[in-house]
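Quick note: the coordinates plus some simple rules give every number you see, no bench work behind them. None of these values were measured; they are calculated from a predicted model. As a convention, Cβ positions derive from the backbone with ideal geometry for all residues, glycine included, and neighbour counts pool all protein chains shown.
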């Protein structure tokens, strides 16, 4: 990440239940919002604190850590989008269908 920053390459930094403060935040284009053990830390307020600065937020879906994901998806769908939110998942087709159903909520 430091090499990317120093080279002017776009990068995301991380924030998670085990890394509550993102490093090299000032130059980051976005945040990888990860939940290694719990997703309880991810709130709409935290997401907005990043998107309000023009950064994107990419949620790392819980199935990537061996946990159920549908409840998490249901919660983050209420965070809004505006083109600033993304999802990293093993199930991209299922995610596309899931979020499409709620597009106009």
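The simple Förster model, with R0 at 22 Å and r as the Cβ-Cβ distance, assigns residue 45 and residue 71 a FRET efficiency of 0.70. For the chain, the relative contact order comes to 20 percent (Cα pairs under 8 Å, sequence separation of at least 6). Distance between the 7 Å Cα→Cβ label points at residue 101 and residue 88: 2.6 nm. Over all alpha-carbon pairs in the range 46-105, figure out the percentage whose distance exceeds 18 Å. The proportion of pairs with Cα distances above 18 Å equals 33 percent.
Site pair residue 38 and residue 64 shows an inter-label distance of 2.1 nm when each label is modelled 7 Å from Cα along Cα→Cβ.
Place a point 7 Å from the Cα of residue 10 along the Cα-to-Cβ direction; which residues of the range 64-105 have their backbone N under 20 Å from it? Residues passing the 20 Å test: 81-89. In plain terms, the C-alpha convex hull of the chain casts an average shadow of 6.8 nm² when viewed from every direction.
Ellipsoid fit via the Cα gyration tensor, the range 1-63: semi-axes of 21, 13, 9 Å, each the root of five times an eigenvalue, largest first.
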